[in-house]
Every structure is written in C-alpha cells, then in structure tokens.
1. Assess whether Q324 counts as being open to solvent by 60 Å² or more (accessible area, probe 1.4 Å) and either over 25 Å from the mean Cα position of the chain (by Cα) or at positive phi (or both).
2. Being in a strand (DSSP E or B), open to solvent by 70 Å² or more (accessible area, probe 1.4 Å) and at pLDDT 90 or above narrows it down to one of Y303, Y265, so name that one.
3. Please find, among V96, V85, V90, the residue that is at pLDDT 65 or above and either under 29 Å from the mean Cα position of the chain (by Cα) or open to solvent by less than 100 Å² (accessible area, probe 1.4 Å) (or both).
4. Out of all the residues in the range 99-152, which are under 30 Å from N56 (Cα atoms), exposed (fewer than 10 other Cβ atoms within 10 Å of the Cβ) and modelled with pLDDT of 75 or more?
5. Could you run through the range 306-327 and say how many residues are of a type outside the set (G, A, S) and either not in a strand (DSSP E or B) or not assigned by the TED database to the domain that holds L264 (or both)?
6. Residues in the range 291-300 that are assigned to a strand (DSSP E or B) and among the polar types (S, T, N, Q): how many?
7. Say whether the condition of being of a type in the set (S, T, Y), open to solvent by 90 Å² or more (accessible area, probe 1.4 Å) and modelled with pLDDT under 75 is met by at least one residue in the range 437-450.
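The values are calculated or read from the model by the stated rules, or taken from the named source; none is laboratory data. What you see is a predicted model; the values in this text were computed from it and never measured. With ideal geometry, Cβ positions are generated from the backbone for all residues, glycine too; neighbour counts draw on all protein chains shown. Calculation scope for accessible area: heavy atoms of the full protein, side chains included, ligands and nucleic acids excluded. Shrake-Rupley method; radii C 1.70, N 1.55, O 1.52, S 1.80 Å.
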Amino acid sequence: RPPEDEEEVVEVGWQEKLFSQFEVDLYLKESACQTPLDWQYREEIQKLEKAGGRKNCRIFTYTDHDRFTNLEELCQKVTDLDHEVPSYLVERMANVRRRRQDRRPVEASSLKSKIITWEPSEEFIKNNHVINTPVQTMYIMGDLGPYGKLGNREYENVLCTIKVDGNGVITVKPDFTGTKGPYRIELDGEKREVWEYTIENASAQVQPEEEEREQRVFRDLYGRHKDYLSGLVGTDFEMPLPGTLRLFVNGEIVSAQGYEYDNLYVHFFLELPNQWSSSPFQQLSGVTQTCATKTVGWDNVAYFCYPFTVEMFYTQEDEDSLPQWPVLYFEVLSLDFWQRYRVEGYGSLVLPASPGVHMLTIPTWRPVELGTVAEMRRFFIGGSPELEDLTYIRIPSTFKGKRLSRFGFRTETTGSVTFRLYCLQQSKAFLENSALRQRMQSVLDRLGGFSQQSSVYNVLEAFQRARRRMQEARESLPQDLISTSASAV
C-alpha cells in the first residue's frame, strides 16, 4: 500500500465531533436514529456529504454526549486481566455518572435536625459517598482497519483521552509526545500491523499582555483572600515576653502493642521542671478510653487515637544553663470483664526539643514479684505491684541525694506505646536577625537547633562535675605545696 495514503494529520478542538466511517454509514439510515442527538448527527453528516464528504479518514472523535463515552465509563477495568471479576466497589461506582449529577445544597436547618440517616436511599449514597466533581470527557479514536475497509467497530482504538473537571484541571492520557518517541499500537490480526502516532499541543500560545493581565487578576484575588484571612485572625496576636519560650504540643496516643491482657487504657501526666509553667486552666493529665486489641502480625494492638493538647512556657533565669524539657509519664493498665485491673507497663517520654512532627514508640516495663503466688494473684483476682510515685520511672523530682539505688527492684519488659507529637515553639529570640543569632548571647537564641541538646547537656554536666572534683582536690592540698608548685612552674 502506498505510505502517503496511510499518513494522516488532524487538528482536533475541544469537544469537536469528527465522524467515523461507521457513524456515517449508521446515521444515514433513518431507522438507526432514535434520540435527538442521533437526528442532529444525521443532519450534520448529510451536510458533510453535500459539501464533499468528511475531511478525516482514520482519526475521529467521541464527545462527551456520545454513547461510547457512557459505555467506556461503565466497562473500564481496574486491572489488565482478561477475566477480571469486578468487585463490589467497582460495580457501585460503575453506576455513578459523576459528570451528570446535580447535587442540591442542603439547608442548615435540615442538616442539624437530621445528622444520621438510618435508611439511606441509593440516590443519597451516590450523592454523598462519591467524589462528585463534574467531569467532561472526550476520546480521540483511530480506525485501524485493513486498507480500504474502514467502518468496522472492532478495529476502533482509543488514541487519546481528554478530561476536564469542574476545577479546570485538564487530563490528557497519554501525554503529549514532545521529545519522546511516537506511541505504538500493535494489532493482533493476521499481519500483526504496527501503528505509530504522536500527540502535539496545537493550541495558540497566550500573548504576553493577556498573561500579564491574568497574573494581575490572580494577585488581586490572592490579596483579597489574604485580607479576608487576616480579618478572621485579627492583629492582636499574642507574643511571648522577652526571654520566654512558648511550647505548644498537639499530641496523640496512637496505639499500644505487645501486652499480655486485653482492654487496655493509658493514664498519663506531664511533669514540668523548674522554670516551666502553664496556664492554671491547662490540664496536664488524662486517661484514654478502654480499647480492645486486634491481632496485627504477631502482636495484639490497641488503637487509641487519643488526642491531647498542652501549652507550656519556659522563663529563662540563668543564661549559662540549658533548659530541662518536660517529661510525659504514663502507665498502661488493663480492665477485664469482672472489673479487675492490672498494671501492664510504665514508661516515660521527654518532649522533643525540636519543632515538627515526631513519631515515637516508647517501650515499657512493670515491677514483678518472685514466685507463682504473685502470678496466680495477678491472673485470678487482678492487681499487681504498683509504683506509688510515677516519677520513679525516671529520677524522681523529689530525690535530692547523689545516688539513686534500685538494687533488688525486679522488673520485666512488656509492650510499647506509640505517640505522635506535633511540637510548635514560639519565642522573640526567633525573630532576631542573623547577626544577633550568630553571637549566641543567650540560650534562647539556640532553641531552634536543639536536635543535639541532650549530648551537649551531658557534655556540659560532665565538665561541671570534673571541675568540681578538681576544685575539691585543690582545696584539700596543703597551702605550702600549692605555693611551692606554683613558684616552680
């Protein structure tokens, strides 16, 4: 066959209808026209025949209102399997015409009075449980039948799908060819023909004046929206005092896993070190709901998803000291059908010193007694050794000695608790310019980079201990020895 007869270039506009040979043969018959759209296509085809026939040959289109568009949306497959069985969700979604739905606004009064619909109808489910973004679709097709035998439906192939949703997002699949090679379609016929085609964006480029005018409109729109948001927030935004740090934590107890008994709940409280304070109305403790566990892998996991919010203030008094961060103490307990509770584990968490999102999994432990009597008591009547002071999980705040001995205190490792913390820090030191920040005049200037706070704090603490030991050793030496060594040096 001559190659020039098989090359075709067509420029297609949005929702522009180009008829195929099959449609021309179909709509010329009056018996095939049933809908008003069919009669409209028949008139357009008759006009084309009088004007000398259609200009396109193998390339044609299906617009948003054609039957092919409806059938294509109903028959789309999720996978590429030949014998795919549609799932329940696919069957329900197949009946939803997103671009033909008209959602009616619900009045506020009816919404308040009818929060739960106990017997939802099919139309109610379609309108409320499905993303209802209006979409217009257009298919650019290719009739890849044998030479001289056009008009057979089985040789129709989709070359390009164009969708425009109500938000103005244009989706072209496959994408414009550009620098990539042409797309290939292999037919499974006797000769195994291979067709190649390219897709180019033939739209006229926007003039610089129009683009600049559009940018001005967008800037005005964004400016008005910014003023609207500023009016909602207000101008009297509270700033902390100089030398004060505000720490705001939005926390969540996500889950607890790996514990012996079911029906878990978590009791927690926050301890504020020296120089830390909070509002008198701030709640620093809480108890989660009792949550049943489910088996995930090898562990029994209880998903709490319990949110809590804490706001604290740090007031700097000594510029040479690093602040100690608040500690979150918690205990995990279980409650059974007979209202017997057991301590499942203790743990503690130092609030992160760096702002941002933190996902932390904290292991826990519980005290145990030797012998089978204690375990039988725990199993049959509940109860177990408990800590009278939860701060004993770490070094208690009331401890004033030099050494804290836990010799003979028997514990065993239990499960773990997962926390998700969103930490925000606010301080006037963050607003200082870079020159002042480089001077490192105060501790608050370095609060933004406390990712290594613990190591720095440990080094400084070790240095202070070594300095004290050196001073004590120097004071214990005779004065004549000190003066003799100084003169010799």
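1. Numbers: open to solvent by 60 Å² or more (accessible area, probe 1.4 Å): yes; either over 25 Å from the mean Cα position of the chain (by Cα) or at positive phi (or both): yes.
Considered against the rule, which asks whether it is open to solvent by 60 Å² or more (accessible area, probe 1.4 Å) and either over 25 Å from the mean Cα position of the chain (by Cα) or at positive phi (or both), Q324 comes out as yes.
2. Numbers: Y265 fails: open to solvent by 70 Å² or more (accessible area, probe 1.4 Å).
Selected residue: Y303, the only one of Y303, Y265 that is in a strand (DSSP E or B), open to solvent by 70 Å² or more (accessible area, probe 1.4 Å) and at pLDDT 90 or above.
3. V90
4. none
5. If we filter the range 306-327 for residues that are of a type outside the set (G, A, S), which is where we start, we get 306-320, 322-327.
In the following step, the residues that additionally are either not in a strand (DSSP E or B) or not assigned by the TED database to the domain that holds L264 (or both) were identified as 316-320, 322-326.
Residues that pass the stated criteria total 10.
6. Within the range 291-300, the subset assigned to a strand (DSSP E or B) is 291, 294-296, 299-300.
Right, trim to among the polar types (S, T, N, Q) and you get 295, 300.
Of the residues in the range 291-300, 2 are assigned to a strand (DSSP E or B) and among the polar types (S, T, N, Q).
7. Looking only at the range 437-450, we keep the residues that are of a type in the set (S, T, Y), and these are 442.
Then drop every residue that is not open to solvent by 90 Å² or more (accessible area, probe 1.4 Å), which leaves none.
Taking every residue of the range 437-450 in turn, none turns out to be of a type in the set (S, T, Y), open to solvent by 90 Å² or more (accessible area, probe 1.4 Å) and modelled with pLDDT under 75.
Condition check ((1) surrounded by fewer than 14 Cβ atoms within 10 Å (Cβ to Cβ); (2) in contact with a strand residue (DSSP E or B) (Cβ under 7 Å, 6 or more places away or on another chain)) across all residues:
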{"position": "G345", "(1), (2)": "no, yes"}
{"position": "V350", "(1), (2)": "no, yes"}
{"position": "E388", "(1), (2)": "yes, no"}
{"position": "Y392", "(1), (2)": "no, no"}
